[in-house]
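Just so it is clear, none of the values below were taken in a lab; they were calculated from the coordinates. None of the values given here were measured: they were computed from a predicted structure.
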Amino acid sequence: MGKHFFDFEDGDFAFSISDNMAMDSDGDLMMRMGNNMAMDMDTGDIHMISSWPNDDDEDE
């Protein structure tokens, strides 16, 4: 399962489903724009998020 981060715009959590895509707790898809920025794929709005975790940081 992906890593979690917080969406400050919506006030909900999201988890990564790939390197550049995530799904929030409402089921909306988000695309990574930077470490602290993601675009809501439904509305096109830019959201400020907590740091998007890298998949390279897998727990062992």
Exercise. Quick one: length gained pulling MET21 to ASN36 fully straight, 0.36 nm per residue minus the C-alpha distance?
Worked result: 4.1 nm
Exercise. For Rg and Dmax of the Cα atoms in Å, the choices are (1) 13.1, 42; (2) 10.4, 37; (3) 13.3, 49; which was calculated from the structure?
Worked result: (2)
Exercise. Working out 0.36 nm times the residue gap between LEU29 and ASN54, then minus their Cα-Cα distance, what length gain in nm do you get to one decimal?
Worked result: 7.2 nm
